[in-house]
Amino acid sequence: MSSTSPAADVTTLPLGGGAGRGVQETDGRSLGTVVHGELISEGLDVPTAPPRRTGAGLAGLEVSHLDRSEKFAMMRAGELGSVHSWELVTAVDGPGTRMTVFLNGCPLRCLYCHNPDTLEMKDGEPVTADQLLTRIKRYVPAFTATQGGLTISGGEVLQQPAFAARLLRGAKEMGVHTAIDTSGFLGAAMTDEMIADTDLVLLDIKSGDPDIYRRVTKRELQPTLDFGRRLARSGLKGGVDPDDPVEVWLRFVLVPGLTDDVRNVDLVADYAAELNQIRPGTVTRVEVLAFHNMGVDKWETLGREYELKNTPPPTPELLERVREQFRSRGLTTY
């Protein structure tokens with residue numbers, strides 16, 4: 001995702017919900033979210049990937065008759081999205097059997113990204129919200145039986161907030177449990193209405209140290225920290241949804257020689273504990289995820305250098321040390 005500084009002729013268009021989101025339009029096409037004074041473009045490039053007969057399972061969508069401006073208008077309205085794929089999984093991206101939808105587009109450039117083919121919105125397949133909601137409806141019995149639901153992942157789900165909002169609202173109207181998997185960097189794009197329609201946030205904290213975070217992602221840590229605190233406060237009296245507050249599962253990828261420093265882990269653990277101090281029960285689960293380089297082939301296919309190709313996975317002893325750092329703060333950790 002590209003980023004530019006707000007120009008003098010930028011018009012800020014507020015999108016309700018009180019989330020403080022600024023949608024800025026400079027050329028009739030590019031929308032974005034202001035993050036700490038920087039305009040982070042949503043990069044709403046019209047997806048151009050041909051329908052995939054395998055993998056995505058979403059082939060057959062007929063939007064080829066629409067011109068680019070019509071497709072873009074649908075994307076702005078949340079009716080059309082750039083989708084990489086979807087899959088049915090169990091107990092991976094939330095509780096129970098889940099339909100996980102992977103969107104294209106991400107503002108981060110994580111060194112260990114295992115889905116680099118989801119970074120650009122233009123590389124996705126054009127899919128309508130209605131088509132996905134029709135597919136979700138098919139699985140409602142399975143979701144009900146397993147206490148599962150819908151998870152929207154990426155890429156970065158909040159790079160397509162209007163599309164994600166449409167999916168979340170539609171799923172909730174069916175009584176389906178909802179979750180998003182996000183870095184939180186674009187948390188300002190998540191309206192209060194979206195928070196109310198979300199049962200679970202899988203919040204990926206790449207690092208607790210700002211310098212390490214910048215090295216891992218090429219972005220700043222503070223927007224993610226702000227977003228997590230906002231989620232915690234949303235469930236307080238007077239918040240967005242005090243009667244049914246959003247739950248947070250915090251995820252931390254353990255990379256030897258990069259994110260494993262004791263102080264760095266302590267900062268992440270302290271932050272998780274802080275969220276539970278703001279609202280007890282906010283973070284109900286911490287997942288320490290072992291680094292792997294299974295995405296290296298994708299990087300090579302895209303002609304990009306994978307800097308961590310010689311980095312080994314963490315040892316069992318290192319994993320246990322890090323998990324204990326979280327457990328020592330009263331956090332349920334896996």
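The values are calculated or read from the model by the stated rules, or taken from the named source; none is laboratory data. Since the structure is predicted, the reported quantities are computational estimates derived from the model, not experimental observations. Reconstructed Cβ throughout: ideal geometry from the backbone, glycine too, with neighbour counts over all protein chains shown.
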Report task. Hey, can you tell me all the residues within segment 217-231 that are aliphatic (A, V, I, L, M), in contact with a Lys or Arg (Cβ under 9 Å, 6 or more places away or on another chain) and in a helix (DSSP H, G or I)? Result -> LEU231
Query raised in the report: Just for segment 170-188: of the residues that are assigned to a strand (DSSP E or B) and among the β-branched types (Val, Ile, Thr), which one is farthest from GLU79 (Cα to Cα)?
Result: THR182
Requested in this report: Please indicate, with yes or no, whether at least one residue in segment 110-118 is crowded, with 21+ Cβ neighbours inside 10 Å and of a type in the set (Asp, Glu).
Outcome: no
Report summary line: Taking segment 126-185 and keeping residues among the polar types (S, T, N, Q) and on the phi > 0 side of the Ramachandran plot leaves GLN147
Requested in this report: Please tell me if GLY184 is touching a residue at least 40 places away in the same chain (Cβ under 8 Å) and more than 14 Å from the chain's Cα centre (by Cα).
Outcome: no
Requested in this report: Would you mention how many residues in segment 189-213 are surrounded by fewer than 24 Cβ atoms within 10 Å (Cβ to Cβ), out of contact with any strand residue (DSSP E or B) (no Cβ under 7 Å at 6 or more places or on another chain) and outside any helix (DSSP H, G or I)?
Outcome: 3
Query raised in the report: Looking at (1) out of contact with any strand residue (DSSP E or B) (no Cβ under 8 Å at 6 or more places or on another chain); (2) modelled with pLDDT of 95 or more, can you tell me which one GLY303 breaks?
Result: (2)
Query raised in the report: Quick check, is ARG166 within 21 Å of ALA188 (Cβ to Cβ), charged (D, E, K, R) and assigned to a loop (DSSP other than H, G, I, E, B)?
Result: no
Requested in this report: Could you check, for segment 95-108, whether at least one of its residues is buried (at least 19 other Cβ atoms within 10 Å of the Cβ), modelled with pLDDT of 85 or more and farther than 30 Å from VAL140 by Cα?
Outcome: yes
**Report entry** Residues of segment 119-158 classified as modelled with pLDDT of 95 or more, within 29 Å of VAL253 (Cα to Cα) and surrounded by fewer than 20 Cβ atoms within 10 Å (Cβ to Cβ), total
**Finding:** 2
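Being closer than 27 Å to PRO314 by Cβ, part of a helix (DSSP H, G or I) and not hydrophobic (A, V, I, L, M, F, W, C), is that true of even one residue in segment 278-294?
no
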Query raised in the report: Does ALA77 qualify as being over 30 Å from GLY257 (Cβ atoms), at pLDDT 95 or above and aliphatic (A, V, I, L, M)?
Result: no
